[in-house]
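A.B. asks: One structure follows; several queries about it will come next.
The values are calculated or read from the model by the stated rules, or taken from the named source; none is laboratory data. What you see is a predicted model; the values in this text were computed from it and never measured. Using ideal geometry, Cβ is built from the backbone for each residue, glycine included, and neighbour counts are taken over all protein chains shown.
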Protein chains: 2
Amino acid sequence: MNNEARAKKRVTLADVAKQAGVSQMTASKVMRNTGSISEATRDRVTAAARDLGYVPNRLAGSLSSQNSDIVAVILPSINDTIYGDVVRGINEVLRPHGYMTFIGENQFDTELEEDIIRSVLSLQPAAIILTGGINRSEAAFRMLKNWQCPIVQIWDDSKSGFDGSVSPSHEAGGALVAQHFVDRGFKAPAYIGAELSKDLCAARRFDSFKSKLQAFGVVPFEVTDEALPRRGETGQTLVARLMETRPETDAIYCLNDAIALGALSWLHDNGYDVPNQVAVAGFNGTSLLQVVRTRLTTVDVNRERLGQVAAKAVVSLLNGEDIAEQTVLDTQLVQGNTT
Amino acid sequence: MNNEARAKKRVTLADVAKQAGVSQMTASKVMRNTGSISEATRDRVTAAARDLGYVPNRLAGSLSSQNSDIVAVILPSINDTIYGDVVRGINEVLRPHGYMTFIGENQFDTELEEDIIRSVLSLQPAAIILTGGINRSEAAFRMLKNWQCPIVQIWDDSKSGFDGSVSPSHEAGGALVAQHFVDRGFKAPAYIGAELSKDLCAARRFDSFKSKLQAFGVVPFEVTDEALPRRGETGQTLVARLMETRPETDAIYCLNDAIALGALSWLHDNGYDVPNQVAVAGFNGTSLLQVVRTRLTTVDVNRERLGQVAAKAVVSLLNGEDIAEQTVLDTQLVQGNTT
């Protein structure tokens, strides 16, 4: 996206008032939550604001976002250890340029992401780096598109609609493990995962894992649960269900490394020989796992580099330079001692 | 701190101009980095601003922080997995009240913390939750003290100087492990750590560990390195040095769980029998460790609860209620299979 295209007009209160068919004063009162306004009018103004992607401008026009030293980073959760490295990469690049990063969490929650984006925009950030792979509301997308600062999406490798995107290939993430399972001669592979309706990138890895195996005439067994959280304990629960239902399972691909660790823990506690009886693989290459006795087979994503590339794209955009619309970083399978 | 005390006067540009002995227009030009001003004058104004703890007010007085829905959280690094749980606890309490949290990192760096605090204050947050245990600059402390919003310090159990503090007891963190080592009959205990001149809470745990052992007539051996980062790989490096220098070591207390994991990894790889030949203990109770084969002996800090208590203090302060100046949460030793 070039500079000209970015010089789009910000949605103003006047636009909201016009669409709602009220005076600007009335629209302003609704936005500031003051004065006595009928509920019907209030609803009409709120709907118009949401529809147009209007964001109240706290700075009252006194400073534009070009003067801001803030880059907002929106992540699912800092509990996901993978993002620590991403943010480190971002800061390595942005700090020498004088930018401060602030991090907001969306918890893979559509409504929460919309609220966070509204808050982020009211900070007038110089730029925004946000993770994709979430069910984003139309209103959230519109607010971002109407905004004037550079926006780079990370993690998600589908079309972003923003200035640029930097991600691993989730298709490769699933296919590499499927190929590895076939190469190792596993006959009864399975998949365990949770909240796949929220974590769209994980769902894409799973689809790719299935397709690749099916090309070899193998249909993986799957145990997924939408009600369980995406964390270690869930790996324990899911693998217990899996081994009860399909005791012949000889290889398990897990949604991510945290869930793989939980699965490994349950397998060890229940006397399974890993990898000779059942193998386990994850996704992320979480750094903590490099220093424990169990060396998980995983698909390594160079998370620090991902952060660096995204931040460099932001700096280029702030300098008025063009950037690649999509950068897909290499991912590779790292075999540990669990397959 | 009560409401009256919080109604302190914010430092204005006029105060800065007066102290620098220049006109308000000149001070304003320096702050906005415009106009032609001599370097000497510029330095004088900047020094006065820093001295008084002046923060440029981006909102140009249009909205006070009472209208903000932002609570700023300042942490050392989201790479420290412990803070994920703290932030989860904070959000559980604040979100139902309509507050959004934004996270900034200080990397235990004095200058960076000052910059982050300046940025945070310019966002006009409703409240600030910040970690202590860092070498804080006088200027940073003054900016915070001059600010009008509720400020609660977490993690550090020394006097905060802010509205309130919520923390574990780091003295207990060191003493509990020393007592445990004595109870288990270890004769040659040691300590490994890094960056203790920056991580003041870790330094306090180490001091307490030493004092407690010395009360039993035992002097622990120590291997510390100020040049190495506080992470897993450092545990590998330090334990290698330790076992080379003091092969008779039979128990090791580590700065935190991440470093303990690194140490365990090296010990396993080098054929040591843990815990029969050498025992290992950490600090934090990092949740990831509950689901791997190695169950580290550690001092558990209820991090989620810590976040909840800090956030409740913030909500009370925002409602004009008094809070306890200091809350020290219980910590307990959790024995795993490494001691």
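A.B. asks: Can you find a residue that is in contact (Cβ under 8 Å) with a residue 24 or more places away in the chain, within 16 Å of the chain's Cα centre (by Cα), within 14 Å of chain A (Cβ to nearest Cβ) and closer than 20 Å to B:Ala313 by Cα anywhere in the stretch B:131-139? Spell out how you get there, then give the answer.
C.D. replies: Of the residues in the stretch B:131-139, the ones in contact (Cβ under 8 Å) with a residue 24 or more places away in the chain are B:131-137, B:139.
Applying the additional criterion that residues be within 16 Å of the chain's Cα centre (by Cα) yields B:131-137.
Subsequent filtering for residues that are within 14 Å of chain A (Cβ to nearest Cβ) retains B:131.
Filter once more, keeping what is closer than 20 Å to B:Ala313 by Cα: B:131.
Within the stretch B:131-139, one or more residues are in contact (Cβ under 8 Å) with a residue 24 or more places away in the chain, within 16 Å of the chain's Cα centre (by Cα), within 14 Å of chain A (Cβ to nearest Cβ) and closer than 20 Å to B:Ala313 by Cα.
A.B. asks: Checking A:Ser77 against (1) in a loop (DSSP other than H, G, I, E, B); (2) under 30 Å from B:Ser77 (Cβ atoms); (3) at pLDDT below 80, only one condition comes out false. Which one?
C.D. replies: Tallying (1) in a loop (DSSP other than H, G, I, E, B); (2) under 30 Å from B:Ser77 (Cβ atoms); (3) at pLDDT below 80, A:Ser77 fails exactly one: (3).
A.B. asks: Taking interchain pairs and intrachain pairs at least six residues apart, which have beta carbon atoms under 7 angstrom, with the first residue in the stretch B:242-261 and farther than 23 Å from B:Asp300 by Cβ and the second in a helix (DSSP H, G or I) and not acidic (Asp, Glu)?
C.D. replies: Matching pairs, first to second residue: B:Thr249/B:Leu242; B:Thr249/B:Met243.
A.B. asks: As an exercise: evaluate B:Val299 against (1) surrounded by fewer than 22 Cβ atoms within 10 Å (Cβ to Cβ); (2) more than 12 Å from chain A (Cβ to nearest Cβ); (3) touching a residue at least 60 places away in the same chain (Cβ under 8 Å) and give the number of the one condition it does not meet.
C.D. replies: Evaluating B:Val299 over (1) surrounded by fewer than 22 Cβ atoms within 10 Å (Cβ to Cβ); (2) more than 12 Å from chain A (Cβ to nearest Cβ); (3) touching a residue at least 60 places away in the same chain (Cβ under 8 Å) leaves (1) as the failure.
A.B. asks: Quick one: A:Thr297 ticks every box in (1) under 18 Å from the mean Cα position of the chain (by Cα); (2) closer than 30 Å to B:Val274 by Cβ bar one, so which box is it?
C.D. replies: Going through (1) under 18 Å from the mean Cα position of the chain (by Cα); (2) closer than 30 Å to B:Val274 by Cβ one by one, A:Thr297 breaks only (1).
A.B. asks: Still on this structure, I have one more. How many of the residues making up the stretch B:161-179 are in contact with an Asp or Glu (Cβ under 8 Å, 6 or more places away or on another chain) and among the hydrophobic types (A, V, I, L, M, F, W, C)?
C.D. replies: Summing the residues that are in contact with an Asp or Glu (Cβ under 8 Å, 6 or more places away or on another chain) and among the hydrophobic types (A, V, I, L, M, F, W, C) in the stretch B:161-179 gives 0.
A.B. asks: Right, another one. Considering only residues of the stretch B:222-234 that are surrounded by fewer than 18 Cβ atoms within 10 Å (Cβ to Cβ) and more than 9 Å from B:Ile192 (Cα to Cα), which is nearest to the other protein chains (Cβ to nearest Cβ)?
C.D. replies: B:Glu233
A.B. asks: Assigned to a strand (DSSP E or B) and assigned by TED's automatic domain parsing to the domain that holds B:Leu296, is that true of B:Thr224? Break it down stepwise before answering.
C.D. replies: Values: assigned to a strand (DSSP E or B): yes; assigned by TED's automatic domain parsing to the domain that holds B:Leu296: yes.
Yes, satisfied.
A.B. asks: Say we look at the stretch A:240-269 and pick out the residues that are out of contact with any strand residue (DSSP E or B) (no Cβ under 8 Å at 6 or more places or on another chain) and at pLDDT 95 or above; which of these is nearest to the other protein chains (Cβ to nearest Cβ)?
C.D. replies: Across the stretch A:240-269, the extreme among qualifying residues is A:Ala240.
A.B. asks: Just to be sure, is B:Ser62 at pLDDT below 90, over 28 Å from B:Ile134 (Cα atoms) and either within 13 Å of chain A (Cβ to nearest Cβ) or surrounded by 15 or more Cβ atoms within 10 Å (Cβ to Cβ) (or both)? Break it down into steps so the answer makes sense when it comes.
C.D. replies: Numbers: at pLDDT below 90: yes; over 28 Å from B:Ile134 (Cα atoms): yes; either within 13 Å of chain A (Cβ to nearest Cβ) or surrounded by 15 or more Cβ atoms within 10 Å (Cβ to Cβ) (or both): yes.
So B:Ser62 fits the description; yes.
A.B. asks: For residues that are surrounded by 11 or more Cβ atoms within 10 Å (Cβ to Cβ), modelled with pLDDT under 85 and of a type in the set (Gly, Ala, Ser), tally how many sit in the stretch A:1-34.
C.D. replies: 1
A.B. asks: Let me ask something else about it. Condition first: surrounded by 19 or more Cβ atoms within 10 Å (Cβ to Cβ) and more than 30 Å from B:Ile90 (Cβ to Cβ). Now tell me which residues in the stretch B:202-211 satisfy that.
C.D. replies: Listed by number, the list holds a single entry, B:Lys210.
A.B. asks: Counting only residues that are acidic (Asp, Glu), out of contact with any helix residue (DSSP H, G or I) (no Cβ under 8 Å at 6 or more places or on another chain) and either within 9 Å of chain B (Cβ to nearest Cβ) or under 11 Å from A:Ser77 (Cα atoms) (or both), how many does the stretch A:98-113 have? It would help to see each step written out before you state the result.
C.D. replies: Going through the stretch A:98-113, the residues acidic (Asp, Glu) turn out to be A:105, A:109, A:111, A:113.
Pick out the ones that are also out of contact with any helix residue (DSSP H, G or I) (no Cβ under 8 Å at 6 or more places or on another chain) and you get A:109, A:111.
Filter again for either within 9 Å of chain B (Cβ to nearest Cβ) or under 11 Å from A:Ser77 (Cα atoms) (or both), leaving A:109.
The number of residues fulfilling the criteria is 1.
A.B. asks: When you check A:Asp43 against the structure, is it assigned to a helix (DSSP H, G or I) and either modelled with pLDDT under 85 or within 9 Å of another protein chain (Cβ to nearest Cβ) (or both), yes or no?
C.D. replies: Working: assigned to a helix (DSSP H, G or I): yes; either modelled with pLDDT under 85 or within 9 Å of another protein chain (Cβ to nearest Cβ) (or both): no.
Here the answer is no, as A:Asp43 does not meet what is asked.
A.B. asks: Exactly one of these conditions fails for B:Thr237: (1) part of a helix (DSSP H, G or I); (2) within 14 Å of chain A (Cβ to nearest Cβ); (3) farther than 23 Å from A:Asp85 by Cβ. Give me its number.
C.D. replies: The one condition B:Thr237 does not meet is (3).
A.B. asks: Inspect the stretch B:280-288 for any residue being assigned to a helix (DSSP H, G or I), within 23 Å of the chain's Cα centre (by Cα) and buried (at least 18 other Cβ atoms within 10 Å of the Cβ) and give the result as yes or no. It would help to see each step written out before you state the result.
C.D. replies: Start the filter on the stretch B:280-288 by keeping residues that are assigned to a helix (DSSP H, G or I), which leaves B:287-288.
If we keep only those that are within 23 Å of the chain's Cα centre (by Cα) too, we end up with B:287-288.
So of that shortlist, the ones also buried (at least 18 other Cβ atoms within 10 Å of the Cβ) come out as B:287-288.
Yes, there is a match, as at least one residue in the stretch B:280-288 is assigned to a helix (DSSP H, G or I), within 23 Å of the chain's Cα centre (by Cα) and buried (at least 18 other Cβ atoms within 10 Å of the Cβ).
A.B. asks: Right, next: Exactly one of these conditions fails for B:Arg231: (1) under 28 Å from the mean Cα position of the chain (by Cα); (2) at pLDDT 95 or above. Give me its number.
C.D. replies: Every listed condition holds for B:Arg231 apart from (2).
A.B. asks: So, B:Glu92, is that one over 19 Å from B:Ser165 (Cα atoms) and more than 7 Å from chain A (Cβ to nearest Cβ) or not?
C.D. replies: Details: over 19 Å from B:Ser165 (Cα atoms): no; more than 7 Å from chain A (Cβ to nearest Cβ): yes.
Taking the combined requirement at face value, the residue does not satisfy it.
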